[in-house]
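Here's a structure for you.
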Amino acid sequence: MQDPVWLRSLIWTDYRLAVLFTVIIPLILLIWAFAQKADAIARLLTIYWRVSSLLAISVYLLMAAIPAGFISGIMARILIPISLWFWVDLNEEIADRPSGPLKLCFNAWRWAISIYTVIGAIATLPFLQCAFSQEALAGSFCRTFLEPPLLFKEYFHPNTQVGFLGFLGYAGLIFYVGCLIYFVFIKLGKQGRSAIPQ
């Protein structure tokens, strides 16, 4: 049985790192890429933001203690590194770009977030039990994982019912899954690993 204090500390550290690696740094890089007219980096970061929106959807689901949020959170951590390395044409353009601060910072972030999300996906696997067992969901182990999303609610949605936030999470998840299915079964067959349709 995990020590609740140790577990709480680990969870809060993970959320703080998530804000840094998945929100603050990529936002700065996106603005920088647009300012430098670095099209390949900007395009890859735009793809990243689309894919990583599943993290935000997961937070809304977890604010309402909806079990699907545990699954979508792990899936987001798996999809993010895939989205950053999948595109052959963008990888080649970025590799061919002359060395400079933007390229260095972008590549450093890309490696760092890939390592962070893979480790995070593995580390959060024990929380999958929260998605499949109401008894586990009601226990302190799963409840500790819900503390950061609930604090997010207090800051940004203090007067909003959790049921409505859960509805927003579900609506976002349905839309996200629909877009993912469309990409996998239709777009991927047409354009392959090229981010720019031929």
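No lab work stands behind these numbers, since they all come straight from the coordinates. In this text the structure is predicted, and so the values were computed from the model without any measurement. Heads up, the Cβs are rebuilt from the backbone with ideal geometry, glycines too, and the neighbour counts pull from every protein chain shown.
Given Gln134, Thr144, Pro81, which one lies farthest toward the positive end of the charge dipole of segment 4-191, if we put +1 on the Cβ of every Lys and Arg and -1 on the Cβ of every Asp and Glu?
Final value for the positive-end residue is Pro81.
Go through the cysteines of the chain and tell me which have no other cysteine Cβ under 4.7 Å away.
Unpaired cysteines in the chain: Cys105, Cys179.
How long, wide and thick is the chain, going by the Cα atoms along their three principal axes, in whole angstroms, largest first?
Computed over the chain, the largest-to-smallest principal extents equal 53, 35, 34 Å.
Moving to a separate point now. Roughly how far apart, in whole Å, are the Cα centres of segment 89-108 and segment 19-70?
A separation of 19 Å, based on Cα centres.
Next up: Mind checking which lysines have their Cα closer than 26 Å to the Cα of Lys37? Skip sequence neighbours fewer than 8 apart in that chain.
Result set, ordered by chain and number: Lys103.
Here's something else I'd like to know. Rounded to the nearest 20 debye, what is the charge dipole size of segment 57-198 about its Cα centre when +1 sits on each Lys and Arg Cβ and -1 on each Asp and Glu Cβ?
Once rounded to the nearest 20, the dipole reads 160 debye.
Under the rule of -39500 (n - 2.57) per DSSP H run of 4 or more residues, summed and divided by the residues of the chain, what mean residue ellipticity at 222 nm is obtained, to the nearest 500 deg cm²/dmol?
The per-residue figure over the chain is -25000 deg cm²/dmol.
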